[in-house]
Amino acid sequence: MKFERFTVVASRSPEAQKALEEITSLYDTCSPEEADVIIALGGDGFMLETQHRFLNHGKPIYGMNRGTVGFLMNEYHINGLAERLETAHSSELHPLRMKAESSYGVIQEALAINEVSLLRQTRQAAKICINVDGVKRVPELICDGVLVSTPAGSTAYNLSAHGPIIPLGSNILALTPISAFRPRRWRGALLPNETSVSFEIHEAQKRPVSAVADYTEVRDVASVTVSVDNNVTTHLLFDPEHNLEERILNEQFIP
């Protein structure tokens with residue numbers, strides 16, 4: 001794909017700001033509204049912010065790593081940038097839509113590109129009932145929390161919680177408990193992409209729970225519903241030798 005105009009956004013880190021100066025001194029850039037592609041300079045956290053910021057623009061995002069891990073980023077070097085953009089591979093991602101109702105009856109929605117997490121707010125463990133497509137699958141999970149992850153997010157918090165790594169294009173979601181106490185041996189589940197998962201909080205006043213969609217938090221929730229929103233799409237661009245599908249696959253073989 002040929003990209004003739006691009007805009008550059010950068011995190012506040014010194015490395016990202018320096019890279020921004022280097023690129024804008026070498027190339028002509030334009031506003032996000034006029035651009036064919038968004039170039040993001042920073043780490044994975046900034047890439048996530050950039051995806052949310054431009055979700056409604058429908059423009060692909062090409063990241064270059066000026067952060068720490070940079071799992072969702074390409075290597076940083078600025079020579080031949082136009083050629084790199086032309087040969088980049090596109091990965092299409094659909095976010096999760098979270099609908100959370102608080103104990104006070106307030107309903108709030110948010111999108112999550114990585115995962116939706118339910119987390120205990122106090123020293124006491126949470127008690128959460130899990131329903132999958134209206135069927136009660138776990139009557140009561142006593143835990144620190146539970147999350148639903150997309151394939152793109154499966155190598156983030158989901159992996160830290162010992163959830164499975166999911167290849168892109170598999171049309172599967174990960175349902176992963178966080179420090180489960182009962183049932184002790186339940187390790188989670190893999191669910192079809194079209195699944196709707198709902199959570200009911202038991203003893204919500206005594207054992208309050210928050211729901212987090214990427215970085216949007218709703219506290220004191222009573223119930224939460226999570227499903228994939230196929231009407232919203234974000235596109236990430238990767239150099240052919242560092243495409244996202246290969247990175248996620250490779251993570252499964254790292255000891």
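The values are calculated or read from the model by the stated rules, or taken from the named source; none is laboratory data. Owing to the predicted nature of the structure, the values given are computational and were not obtained by experimental measurement. Every residue, glycine as well, gets a Cβ built from its backbone with ideal geometry; the counts of neighbours run over all protein chains shown.
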- [ ] Can you confirm whether segment 51-66 contains a residue that is under 25 Å from residue 171 (Cα atoms), of a type in the set (Val, Ile, Thr) and not in a helix (DSSP H, G or I)?
- [x] yes
TODO: Could you list all residues from segment 241-255 that are outside any loop (DSSP other than H, G, I, E, B) and among the aliphatic types (A, V, I, L, M)?
DONE: 244, 248, 249
Task: Matching residues in segment 1-33 - criterion: being more than 18 Å from residue 236 (Cα to Cα), among the acidic types (Asp, Glu) and assigned to a loop (DSSP other than H, G, I, E, B) - done: 28
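Which residue, of 214, 220, is outside the structural domain of residue 60 (by TED's automatic domain parsing), among the acidic types (Asp, Glu) and under 30 Å from residue 84 (Cα atoms)?
On the way: 220 fails: under 30 Å from residue 84 (Cα atoms).
Criteria check complete, one pass: 214.
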Open item on the list: What pairs come out if I take residues in segment 84-109 that are at pLDDT 90 or above and pair them with residues that are exposed (fewer than 13 other Cβ atoms within 10 Å of the Cβ) and among the acidic types (Asp, Glu) whose C-beta lies under 8 Å away, six or more apart or interchain?
Closed with: none
- [ ] Kindly state which strands (runs of 3 or more DSSP E) lie completely within segment 161-240 and contain at least 1 residues that are touching a His at 6+ places or on another chain (Cβ under 8 Å) and surrounded by 14 or more Cβ atoms within 10 Å (Cβ to Cβ).
- [x] 172-178, 221-228, 234-238
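Does segment 19-36 contain any residue that is in contact with a helix residue (DSSP H, G or I) (Cβ under 7 Å, 6 or more places away or on another chain) and surrounded by 15 or more Cβ atoms within 10 Å (Cβ to Cβ)?
No, there is no match, as no residue in segment 19-36 is in contact with a helix residue (DSSP H, G or I) (Cβ under 7 Å, 6 or more places away or on another chain) and surrounded by 15 or more Cβ atoms within 10 Å (Cβ to Cβ).
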TODO: For segment 63-78, state whether one or more residues are over 26 Å from residue 159 (Cβ atoms) and not assigned by TED's automatic domain parsing to the domain that holds residue 171.
DONE: yes
